[in-house]
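S.K.: Before anything else, here's the structure in question.
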Amino acid sequence: MALEDGEVRIDDQALAQEVKLIEDGSYSKARVSIEKLRAERPDDINVRLLAARLFRKIGLWSPSIMEYEHVRSKQPDLLEPYIALSEMHRENLSVDIALGMAREAVYISPHSVRAREALISALIDNHNVQLAQNELTELTKLKPEDPDVLYLSFKVYKGIGEPDKARQYLERAVRISPDNVAWLFDLAEIYEDTGDYKLARGAIQKYIDAAPDSTRALSKLAEILEFRLFDLEGAKEIYDRMLTIEPDNQSALAGKERLVKKRNDVAAAIKRTIHKFVSYIMSLFGGEKRTAV
């Protein structure tokens, strides 16, 4: 899994194994090793940066934010923490903080597409749509067929409520850059938004194939199976898989509890239907007997 624009390349040979585990999507193994390193080398910026990156990839955003904030306090000119913090604060609906982080990212690296993406996304969330479109227009003039810019166009059009147009831009971006696994998550979501649930399942499955320990991706697949395709058994298998990775995952625990209730509801509905059918048949025979008498 290649580094994204804005991510720091960690050349510390002592951390080569952990870097490769994260890049390969082997998050469970990486977590064991990095937790040990954090205890042994608490002041090592590279270790804290790897921890932040790993926690984010497996969906543990609170510890990821804490690690990125630590890195930012020690090296305020590093781009990656600002982009990551902006994106995570956006997801947590802390849109003012997200915008501030994005502006800092663009200040540090004006030519970074990821930094511009963070800024445009934060502007949209702060309802500054015109400013966001202006930023995108200028960027598109410079790089009209750049897959990162196409992806950014997807983000803008999704943000302003045009999912079909957003989908077209994202599909183009993925065709040009098929190895960008992170975009498959967005592709699954936009397919879900436009009602193509089987395509959504296929896209998120490709993401999981590349990053099998991502509980965030597994949760999305379970959601599609449970709520969109009504495959309750398939959803249960995914929730079980999430719990083997993270035994206290609340999303998976709630999902399994919900599935039990749904199965009970279905069983009760079937029993009611059978009871009504039997009662109907009995009433027919009872009617015939009365007629015969």
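The values are calculated or read from the model by the stated rules, or taken from the named source; none is laboratory data. Keep in mind that what you see is a predicted model, and the values were worked out from it rather than measured. Don't worry about glycine lacking a Cβ; one is built from the backbone with ideal geometry, like all the others, and counts go over all protein chains shown. Protein only, heavy atoms only, side chains kept; ligands, DNA and RNA dropped before computing areas. Shrake-Rupley method; radii C 1.70, N 1.55, O 1.52, S 1.80 Å.
S.K.: So if the hydrodynamic radius of region 213-259 is defined as the Kirkwood radius over C-alpha pairs, what does Stokes-Einstein give as its diffusion coefficient at 10 °C and 1.306 mPa s, in µm² per second?
M.R.: On the way: Rh = 10.0 Å.
So the translational diffusion coefficient is about 158 µm²/s.
S.K.: Further question: Restricting to Cα pairs below 8 Å that are 6+ residues apart, what does the relative contact order work out to for the chain? Please round to a whole percent.
M.R.: Relative CO of the chain lands at 12 percent.
S.K.: Using the Kirkwood radius over Cα pairs, work out the Stokes-Einstein diffusion coefficient for the chain at 20 °C and 1.002 mPa s, in µm²/s as a whole number. Don't jump to the answer; show the numbers that get you there.
M.R.: Numbers: Rh = 21.5 Å.
Diffusion coefficient, whole number: 100 µm²/s.
S.K.: Ok, one more. About its Cα centre, how strong a charge dipole does the chain have in debye, to the nearest 20, once Lys and Arg get +1 and Asp and Glu get -1 at the Cβ?
M.R.: On the way: 43 positive and 49 negative charges, 321 e Å.
That gives the chain a dipole magnitude of about 1540 debye.
S.K.: Something else about it: Relative contact order of region 62-112: what whole-number percent is it, with Cα pairs under 8 angstrom and at least 6 residues apart? Intermediate values should be presented prior to the final figure.
M.R.: Working: 37 pairs, mean separation 16.0, N = 51.
Result for region 62-112 is 31 percent.
S.K.: While we're looking at this one, here's another question. Could you give the length gained by full extension between Val32 and Gln250, i.e. 0.36 nm per residue of separation minus their alpha carbon distance, to one decimal place? List each step's numbers first, then the result.
M.R.: Working: separation 218, 0.36 × 218 = 78.48 nm, distance 2.07 nm.
Working it through step by step, the gained length comes to 76.4 nm.
S.K.: Follow-up. Report, in listed order, any pair from Lys57/Lys158; Lys158/Lys261; Lys236/Lys276; Lys165/Lys198; Lys141/Lys198 with a Cα-Cα distance greater than 25 Å. Please list the in-between numbers first.
M.R.: Values: Lys57/Lys158 23 Å; Lys158/Lys261 34 Å; Lys236/Lys276 31 Å; Lys165/Lys198 20 Å; Lys141/Lys198 35 Å.
Correct reply: Lys158/Lys261; Lys236/Lys276; Lys141/Lys198.
S.K.: Each label point is 7 Å from the Cα along the Cα-to-Cβ direction; what then is the distance between the points at Leu142 and Glu40, in nm?
M.R.: Once both label points are built, they end up 4.2 nm from each other.
S.K.: On the accessible surface of region 1-155, probed at 1.4 Å, how many percent belong to carbon and sulfur atoms? If you can, show how the numbers build up before the last one.
M.R.: Details: 3860 of 7500 Å².
The value for region 1-155 is 52 percent carbon and sulfur by accessible area.
S.K.: Okay, moving on. Normalised by the number of residues in region 58-189, what is the relative contact order in percent for Cα pairs under 8 Å and 6+ residues apart?
M.R.: Working: 138 pairs, mean separation 18.8, N = 132.
Value for region 58-189: 14 percent.
S.K.: Moving on to the next point. Probe of 1.4 angstrom, ligands and nucleic acids ignored: what's the accessible area per residue over region 11-64, in square angstrom? Please report the intermediate quantities before stating the final value.
M.R.: Numbers: 2600 Å² over 54 residues.
Heavy-atom SASA per residue in region 11-64 reads 48 Å².
S.K.: A further question follows. How large is the helix-only mean residue ellipticity at 222 nm for the chain, computed as the sum of -39500 (n - 2.57) over DSSP H runs with n ≥ 4, divided by its residue count, in deg cm²/dmol to the nearest 500?
M.R.: Values: 15 runs with 222 residues, N = 293.
Value at 222 nm, helices only, nearest 500: -24500 deg cm²/dmol.
S.K.: Quick one: if you take sqrt(5λ) for each eigenvalue of the C-alpha gyration tensor of region 174-281, what semi-axes come out, biggest first, whole angstrom? Don't jump to the answer; show the numbers that get you there.
M.R.: Values: eigenvalues 224, 63, 14 Å².
Working through the eigenvalues yields semi-axes of 33, 18, 8 Å.
S.K.: If you take the Cα Rg of region 65-166 and divide it by 2.2 N^0.38 Å, with N the number of residues, what do you get? Walk me through the numbers before you get to the answer.
M.R.: Working: Rg = 13.3 Å, N = 102, 2.2 N^0.38 = 12.8 Å.
Rg over 2.2 N^0.38 Å, computed on Cα atoms: 1.05.
S.K.: May I ask for the distance between the Cα centers of region 177-243 and region 109-138, given as a whole number of Å?
M.R.: What the calculation gives is 28 Å, centre to centre.
S.K.: Inverting the mean 1/r over all pairs of different Cα atoms, compute the Kirkwood radius of region 109-216 and quote it in Å. Kindly include the intermediate steps, with their values, before the conclusion.
M.R.: Values: mean 1/r = 0.0703 Å⁻¹.
When all Cα pairs of region 109-216 are included, the Kirkwood radius is 14.2 Å.
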